[in-house]
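The values are calculated or read from the model by the stated rules, or taken from the named source; none is laboratory data. As the structure is a prediction and not an experimental result, all values here were calculated from the model. In this analysis, Cβ positions are derived from the backbone assuming ideal geometry, glycine residues included, and neighbour counts consider all displayed protein chains. Just so you know, the surface numbers come from the protein's heavy atoms only, side chains and all, with ligands and any DNA or RNA stripped out. Shrake-Rupley method; radii C 1.70, N 1.55, O 1.52, S 1.80 Å.
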Amino acid sequence: MNRWTVNSVVILGLVSIFSILLVQFVWMRSTVEMQAKNIAIQEKEDSLNLREFSQQAHSALREVLEQISPDQPDHTDLYGVIKQIKSNQFTVDFSEELQPFYLETLLKKELYHQNIHQDFVYGIYDCFKDSIVLGNLITFTKDSLYADSKKGLPGLTPESLNLTKDGHYFTVYFPNVKPKPIEAASFVSPWVYLVIIILFVIVFFAFSLGIIIRQKKLSEVKTDFINNMTHELKTPISTISLSSEMLMRMDLSEENQEKIRKYASIIFKENKRLENQVERVLNVAKLDKEQVILDKEPFNVHELLQEVKENFEFNQTEIGGVISLDCSAEVFQIQADSVHLTNVVYNLLDNAIKYCEGKAVIQIHTRNERNGLFIEVSDNGIGIKKENFKLIFDKFYRVPTGNVHDVKGFGLGLFYVKLIIEAHHGKIDVKSILGKGTTFSVWIPFA
Ligand code: ADP
């Protein structure tokens, strides 16, 4: 997948997400508007119903009052004594003699006449003590209390109870009449859904994009590896092919003996090189954490580094390479797998030489810190960009250098180094300045 395809996928994805969200937004807005309208209508209806109910209740209570106080000459005086304290609660001040049974019967009858077919609770209060004297819940049933009250059916309060003392008032409360609460959630919920959908789409898109980018990187790494492998294998194969062709063309006479031996040895060496390369790649490539088996023994790191230095000097001094060894660690004998740890140090040194454009100047330094041993290998090479610090430890990863790789490799060296260090419960870290040099520091704990 090339950059153009990835960009197209991203742009198309963004455009389609944006379109979907726009449609969702418009749709959601019209739904919310419609809902708000419906709620407003409903509220209006409710308030109309409540007003009607309030009027009916007032009329019924006035009728009750008129019948309780038949001697009251001017019934207009009674208007002020009925007060509505809530949409479903009324109080009536009353100073006449009051018979609860009579009051209950009248309430049932008059409410029924005013088409209030509702349960109600009435209570008679003493004004002086402001405490309830008597109260009752009257349940509405079609064919009992209300309709039949005229026939004089006994009610629930004792007929004999008379409240003769002045200063009473009674309240009537309709528990089932409630102003409908406006569902706040219905205003919010469509937007909540929209936000959830947006979040979901964004997360999904980011996830897909992540996968696409990862796949792209993997495919780049794969192509890089195949190119490298082809290049590395092609050279010995063509040398072998050329040499064997020469051998075939040659007559086996005595004077050609020397040449025949030369070509045969070239074929043998190149074949060995090929074999080693394939072996190395296959061995490391199939290696993972679970497969590393360490054969730990007391291992003298300074001795190894001395040997590394001598080797370097043997190969590099002639072409101007310099190596310095600073063995500051006081404890340099650690429990480690000698073969793997030797490979680790050689891998780091090989890289330090490989990724150096001029004469390699290498410093190796050891010290004891954090209850372990640090080995640092610094070079004056091409350096590594910060963004590649993590990636260089991945299997087959090589820092991209366009399509040309002057330096040979399969991107397995640092993967192997990290694997071995972690198997020793240690850590590897890299610091680098592009164009100036790189330092790899390895830490191995004593315990
Ligand atoms: P290889 O060297 O075979 O490519 P490695 O796993 O050893 O694979 O290294 C991975 C990449 O890290 C290399 O391709 C190189 O770009 C970068 N690298 C490693 N060591 C150094 C170094 N000392 N200086 C600069 N770049 C380095």
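Structure notes:
- Solution diffusion estimate, µm²/s, Stokes-Einstein, the stretch 222-356, Kirkwood Rh from C-alpha pairs, 10 °C, viscosity 1.306 mPa s: 84
- J(HN,Hα) series, the stretch 230-239, from Karplus relation 6.51 cos²θ - 1.76 cosθ + 1.60, nearest Hz, glycine and proline x: 4, 4, 5, 7, 5, 4, x, 5, 6, 5
- Length available on full extension from R249 to S16: 0.36 nm per residue minus the Cα-Cα distance, which gives 77.1 nm.
- On the basis of the beta-carbon distance and an R0 of 35 Å, R370 and V278 show a calculated FRET efficiency of 0.30.
- With contributions of -39500 (n - 2.57) from each DSSP H run of at least four residues, the per-residue ellipticity at 222 nm computed over the chain stands at -18000 deg cm²/dmol.
- Size of charge dipole - the chain - debye, nearest 20, with Cβ of Lys, Arg +1 and Asp, Glu -1, no other charges: 1740
- Label point of V399 set 7 angstrom out along Cα-Cβ; within the stretch 312-345, amide nitrogens under 20 Å from it belong to 322, 345.
- Principal axis extents of the Cα atoms in the chain, from largest to smallest and rounded to whole angstrom, are 155, 55, 38.
- Of K222/K272; K217/K354; K289/K427, those spanning more than 19 Å from alpha-carbon to alpha-carbon: K222/K272; K217/K354
- Centroid-to-centroid separation of the stretch 7-63 and the stretch 197-258 [C-alpha atoms, Å]: 64
- Stokes-Einstein translational diffusion, the stretch 294-447 - Kirkwood Rh over all Cα pairs, 1.567 mPa s, 4 °C, in µm²/s: 82
- C-alpha long axis of helix 413-423 to longest principal axis of the chain, angle in °: 60
- The stretch 397-447 and the stretch 315-344: distance between their alpha carbon centers, rounded to Å: 16
- Crossing angle, helix 301-316 versus the chain [Cα axis fit, 0-90 degrees, rounded to tens]: 60
- Model label points for I202 and F268, set 7 angstrom from Cα along the Cα-to-Cβ axis, are 7.0 nm apart.
- Ligands, DNA and RNA are left out, and with a 1.4 angstrom probe the accessible area of the chain is 62 Å² per residue.
- Within straight-line reach of K216, meaning a Cα separation under 19 Å, sit the following lysines at least 8 residues removed in sequence or on another chain: K390, K395.
- Straight-line cross-link partners of K436 among the aspartates and glutamates, defined as a Cα under 14 Å from its Cα and at least 8 positions apart when in the same chain: E357, D379.
- Working from label points 7 Å from Cα in the Cα-to-Cβ sense, the Q84 to K289 distance is 7.5 nm.
- Degrees, to the nearest 10: 257-285 long Cα axis against longest axis of the chain: 20
- Peptides 248-257, 333-342 ranked from most to least packed give 333-342, 248-257, packing being the mean of other C-beta atoms within 10 angstrom over each peptide's residues.
- In this label model, D406 and D350 are separated by 2.0 nm, measuring between points 7 Å along each Cα→Cβ vector.
- Amide H partners (placed H, <5 Å) of V322, local residues excluded: A360, V361, I362
- Derived scalar couplings ³J(HN,Hα) [the stretch 240-249; Karplus, 6.51 cos²θ - 1.76 cosθ + 1.60; whole Hz; x for Gly, Pro]: 4, 4, 4, 4, 5, 5, 4, 4, 5, 6
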